Every structure is written in structure tokens, then in C-alpha cells.
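Trainee: Here it is, the structure, as C-alpha cells.
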Amino acid sequence: MTSPKYVGDRPYSDPEKAARRLMEHARAFEPIQDGRIYIEKINYPMIYQDKATPAEYWAGLQYAKDQGWLEYHESGTFVRMLQPGKDLFA
């Protein structure tokens, strides 16, 4: 019998770590008009490749917004990387 996994064992249970990973995905995508990054370009790899839960993804997105790294459009269809977010990779 395997031991149960606890929330602390998840790599993206820390919102800051999740936010930093989201920023890596955002940086990997070439923005379209007005610096837009389609939301699926960051949520798909985060949830399906990195195996983050939707709650971890959302907490990371909220953290990135709160830090001024990303601007989340009210439509929910795209984000924009703001200067503080770009500075993470400088």
C-alpha cells in the first residue's frame, strides 16, 4: 500500500511557485496584438503538462496578478505580461 500524498508534497501548492511557473509559460509564448497571451497558452501546460490542479493554477494566477506580473483581462480570454513580470527574467 502506498502512502497518501499530502498537499505539501505538490510542487505548485505554494502560490508563488505556481505563479513563477505560469510566468515561464507566458514568457514562452509570443504575444499577439497589444501583448496579449491567450489564457489557454498558460493554463493548458500548467494543468495538463505540469499536473497542477485547477485550484493551484488559479492561486498562481491570482498571485501573479497581485504582484503586478500579469494583467488578467476581464473577459478571461487573455493576460498581458507587465514590466515587473518581464523583470523576473532579466
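Trainee: Using a Gaussian network model of the chain with C-alpha springs under 10 Å, which one of 33, 67, 49 is most mobile by mean-square fluctuation?
Mentor: Highest fluctuation among the options: 33.
Trainee: Hey, got a sec? Which trypsin sites (Lys or Arg not before Pro) in the range 1-89 land in a DSSP loop and have at most 11 other Cβ atoms within 10 Å?
Mentor: 5, 51
Trainee: In the set [x] 1.49; [y] 1.70; [z] 1.12, which value of Cα Rg over 2.2 N^0.38 Å was calculated from the structure you see?
Mentor: So the structure-derived entry is [z].
Trainee: Quick one: order 50, 14, 66, 9 from most to least accessible surface, probe 1.4 Å.
Mentor: 66, 9, 14, 50
Trainee: Something else about it: Please sort by residue number the chymotrypsin sites (Phe, Trp or Tyr not before Pro) in the range 61-90 whose DSSP state is loop and whose Cβ has at most 16 other Cβ atoms within 10 Å.
Mentor: When the chymotrypsin sites (Phe, Trp or Tyr not before Pro) of the range 61-90 are filtered for loop state and at most 16 Cβ neighbours within 10 Å, 89 remain.
Trainee: From Cα coordinates alone, what are the radius of gyration and Dmax values for the range 27-67 in angstrom?
Mentor: 10.9, 30
Trainee: With +1 on the Cβ of every Lys and Arg and -1 on the Cβ of every Asp and Glu, and nothing else charged, how large is the dipole of the chain about its Cα centre, in debye rounded to the nearest 20? Write out the running numbers ahead of the final one.
Mentor: Numbers: 12 positive and 13 negative charges, 38 e Å.
That gives a dipole near 180 debye.
Trainee: Also, I was wondering about something else. Hey, what do the phi angles of the range 16-26 turn into as Karplus ³J(HN,Hα) couplings, whole Hz, using 6.51/-1.76/1.60 and θ = phi - 60°, x for Gly and Pro?
Mentor: Once θ is set to phi - 60°, the couplings for the range 16-26 become 5, 5, 4, 5, 5, 5, 4, 5, 5, 5, 5 Hz.
Trainee: Can you send over the carbon and sulfur percentage of the accessible area for the chain, probe radius 1.4 Å, protein chains only?
Mentor: Carbon and sulfur: 51 percent of the exposed surface of the chain.
Trainee: Something else about it: Provide the per-residue ³J(HN,Hα) series for the range 37-43, in order, calculated from phi with Karplus coefficients 6.51, -1.76, 1.60 and θ = phi - 60°, each as a whole number of Hz, with x at glycine and proline positions.
Mentor: Per-residue couplings from phi come out as 10, 4, 4, 5, 6, 10, 7 Hz.
Trainee: Short version: ³J(HN,Hα) in whole Hz for each residue of the range 46-53, in order, from phi by Karplus 6.51 cos²θ - 1.76 cosθ + 1.60 (θ = phi - 60°), x for Gly and Pro, what are they?
Mentor: 5, 7, 8, 9, 7, 6, 6, 7
Trainee: Another one. Counting only residues 5 or more places away or on other chains, whose amide H sits under 5 Å from the amide H of residue 39 once H atoms are built in the peptide plane?
Mentor: Distant-sequence amide H within range of residue 39: 78, 79.
The values are calculated or read from the model by the stated rules, or taken from the named source; none is laboratory data. Predicted, not measured: the structure shown is a model, and the values here were computed from it. Here the Cβ is made from the backbone with ideal geometry for all residues, glycine too, and neighbour counts use every protein chain on show. In case anyone asks, the SASA skips ligands and DNA or RNA and just uses the protein heavy atoms, side chains included. Shrake-Rupley method; radii C 1.70, N 1.55, O 1.52, S 1.80 Å.
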